[in-house]
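The structure appears below as structure tokens.
Read-outs: derived from the displayed coordinates by stated rules, not from any lab. Everything numeric here is computed off the predicted structure, so don't read it as measured data. Reconstructed Cβ throughout: ideal geometry from the backbone, glycine too, with neighbour counts over all protein chains shown.
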Amino acid sequence: METPLTYESAYAELKQIAVEIEDETVSVDTLAEKVKRASELIQFCQSRLRATEQEVNKILKQMEMKKGSGDKD
């Protein structure tokens with residue numbers, strides 16, 4: 001059973017791929033695979049960040065609405 005991908009695990013894997021490429025420990029035979037996987041991980045991380053930003057903005061907007069409709073003297 002495969003563990004679901006999380007932002008943290010995707011970021012860690014992406015960092016590992018970057019280290020391998022920078023250190024030139026990736027063989028030419030697997031370089032394209034590593035670059036493709038890195039691209040997938042970047043897209044996943046960007047998607048998670050956008051979704052989190054939208055959720056936080058939604059929560060902040062709800063808090064502002066509650067604050068605005070609350071304590072009136």
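Of note:
- Here the chain is described by how far its Cα atoms reach on the three principal axes: 71, 30, 14 Å, from widest to narrowest.
- Most mobile of K61, K34, K15 in a GNM of the chain (Cα contacts under 10 Å): K61
- Neighbour-limited loop hits for GluC sites (Glu not before Pro), the chain (at most 14 other Cβ within 10 Å; DSSP other than H, G, I, E, B): E2, E24
- Anchor K15: lysines whose Cα lies under 29 Å away (excluding residues fewer than 8 positions away in-chain): K34, K36
- Farthest toward the positive end of the dipole of the chain, out of I59, T30, T3, is the Cα of I59, where the dipole comes from beta carbon charges about the Cα centre.
- Between helix 7-22 and the chain: long-axis angle, C-alpha atoms, 0 to 90°, nearest 10: 30 degrees
- The phi torsions of the range 59-69, fed into the Karplus equation with coefficients 6.51, -1.76 and 1.60 and a -60° offset, translate into couplings of 5, 4, 5, 5, 5, 5, 5, 5, 5, x, 9 Hz, rounded to whole numbers, with Gly and Pro shown as x.
- Rounded to the nearest 20 debye, the dipole magnitude of the chain is 620 debye, with +1 charges on Lys and Arg beta carbons, -1 on Asp and Glu beta carbons, and the Cα centre as origin.
- Helix-only CD estimate at 222 nm, as mean residue ellipticity for the chain, using -39500 (n - 2.57) per DSSP H run (n ≥ 4): -28500 deg cm²/dmol
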